[in-house]
Amino acid sequence: MNRYALITGASRGIGRAIAVELAKDGCHVIINYKSNHEAAQETLRLVREAGSEGELLPFDVSKPDEINAALDGWFAAHPDDYIDILVNNAGIVDDELMLWMTSEQWHSVIDVNLNGFFYCARRVLEGMFENRHGRIVNISSIAGQMGFAGQVHYAAAKAGLIGSTKSLAVEVATRNITVNAICPGTIDTDMKQQGIDKNEHLRIEIPMHRLGKPEEVAYLVSFLCSAKADYISGQVIGINGGAL
Ligand code: NAP
């Protein structure tokens, strides 16, 4: 039986690295993304190169109707399957000092980074419950653990993910479903390229004096989704070059 892994925001960056790593582990990878079809196709190519199968499932994680329509379609096409691994990775930044932050900026960052987790996890939990097995990994951030100027909304979302991780882990523990959060530091992706100049001080403050690689986050996701991590749940694990 195939083990299906849904990774949100898997067209680029950390999500793509997770898709490839879980493909190496033998999972059938469901590659979610918002709009970058070309990049998602490249992830699919890499998943196949890694020796597994995959499929594209675009939807906006901040829109519950889109999520439900996409997943209804997926479940209808896979009546005997369920999604055993959900990695809530899709995220955006939109840095702005709170003094000038608009309500739209606040809501859009919370919608993608936090509400997206709620909509997606709620939709796949039933299958995990029925099959008495599941893995949920939430990609939070070091920004949810310490303060950065311009990220009041992003920090609220990422800290919210940590709280949700802990509570959901308790709710589902007896069903062999684990829920964990990963807090990356500064990882070398498109997201970081956007703010790399103004965040140069971050790199200097990283004890290892380098940015993290997306693969280094993916190795941890792979471990958390493996049988070796059966007894690890409700945890918040940093991966930040010693920065915190
Ligand atoms: P990235 O390179 O900017 O990639 C973002 C991914 O999320 C893309 O696949 C994008 O899809 C997708 N996405 C964005 N909005 C979406 C939406 N509304 N619905 C569905 N997919 C959406 O980001 P990254 O650096 O890999 O970050 C991945 C995660 O790690 C995020 O949650 C981020 O907050 C977290 N993180 C990153 C860092 C870092 O330093 N990079 C540090 C800590 C935490 P499209 O290609 O279609 O746009």
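The values are calculated or read from the model by the stated rules, or taken from the named source; none is laboratory data. All values reported here derive from a predicted model rather than from experimental measurement. Cβ: placed from backbone, ideal geometry, glycine included. Neighbour counts: every protein chain shown.
Of the residues Asp60, Asp72, Asp81, Asp65, the single one that is buried (at least 18 other Cβ atoms within 10 Å of the Cβ), of a type in the set (Asp, Glu) and either in contact with a Lys or Arg (Cβ under 9 Å, 6 or more places away or on another chain) or closer than 21 Å to Arg122 by Cβ (or both) is Asp60.
Do the conditions hold for Glu55, that is, is it closer than 19 Å to Arg123 by Cβ and either acidic (Asp, Glu) or at pLDDT below 95 (or both)?
Yes; evaluated as a whole, the condition is true for this residue.
Selection of first residues in the stretch 57-76 that are over 15 Å from Gly91 (Cα atoms) and among the charged types (D, E, K, R) and of second residues that are within 10 Å of the ligand (Cβ to nearest atom) and part of a loop (DSSP other than H, G, I, E, B), restricted to Cβ pairs under 6 Å at least 6 apart or on distinct chains, gives the following pairs, ordered by first then second residue: Glu66/Phe59; Glu66/Asp60. With respect to the conditions (1) of a type outside the set (Lys, Arg); (2) under 17 Å from the mean Cα position of the chain (by Cα); (3) at pLDDT below 95, Ile31 falls short on a single one, namely (3).
Among the residues of the stretch 171-188, is any surrounded by fewer than 19 Cβ atoms within 10 Å (Cβ to Cβ), within 15 Å of the ligand (Cβ to nearest atom) and at pLDDT below 95? No: the stretch 171-188 contains no residue that is surrounded by fewer than 19 Cβ atoms within 10 Å (Cβ to Cβ), within 15 Å of the ligand (Cβ to nearest atom) and at pLDDT below 95. Number of residues in the stretch 39-56 that are away from the ligand (no atom under 12 Å from the Cβ) and either hydrophobic (A, V, I, L, M, F, W, C) or under 15 Å from the mean Cα position of the chain (by Cα) (or both) equals 4.
Here Ser108 meets the list (1) in contact (Cβ under 8 Å) with a residue 40 or more places away in the chain; (2) surrounded by fewer than 16 Cβ atoms within 10 Å (Cβ to Cβ); (3) among the polar types (S, T, N, Q); (4) within 20 Å of Val221 (Cα to Cα) almost entirely, failing just condition (4).
Scanning the stretch 120-136 for residues that are in a helix (DSSP H, G or I) and surrounded by 17 or more Cβ atoms within 10 Å (Cβ to Cβ) turns up Cys120, Ala121, Arg123, Val124, Leu125, Gly127, Met128. When each of Phe59, Phe75, Phe117 is tested for being within 14 Å of the ligand (Cβ to nearest atom), among the aromatic types (Phe, Trp, Tyr) and part of a helix (DSSP H, G or I), the lone residue that passes is Phe117. Would you point out the residue of the stretch 78-105, among those that are under 26 Å from Ala169 (Cα atoms), out of contact with any His (no Cβ under 9 Å at 6 or more places or on another chain) and not in a loop (DSSP other than H, G, I, E, B), that is nearest to the ligand (Cβ to nearest atom)? Applying the filter and picking the extreme gives Asn88. Remark: pairs (first residue in the stretch 129-158, under 17 Å from Ser226 (Cβ atoms) and more than 10 Å from the ligand (Cβ to nearest atom); second residue of a type in the set (Lys, Arg) and not in a strand (DSSP E or B); Cβ separation under 8 Å; 6+ apart in sequence or on different chains) = His133/Arg175; Gly134/Arg175. Out of all the residues in the stretch 24-38, which are of a type in the set (D, E, K, R) and either away from the ligand (no atom under 16 Å from the Cβ) or over 13 Å from Val112 (Cβ atoms) (or both)? Of everything in the stretch 24-38, those that are of a type in the set (D, E, K, R) and either away from the ligand (no atom under 16 Å from the Cβ) or over 13 Å from Val112 (Cβ atoms) (or both) turn out to be Lys24, Asp25, Glu38.
Residues in the stretch 19-50 that are touching a helix residue (DSSP H, G or I) at 6+ places or on another chain (Cβ under 7 Å), assigned to a loop (DSSP other than H, G, I, E, B) and small (Gly, Ala, Ser): Ala50 only.
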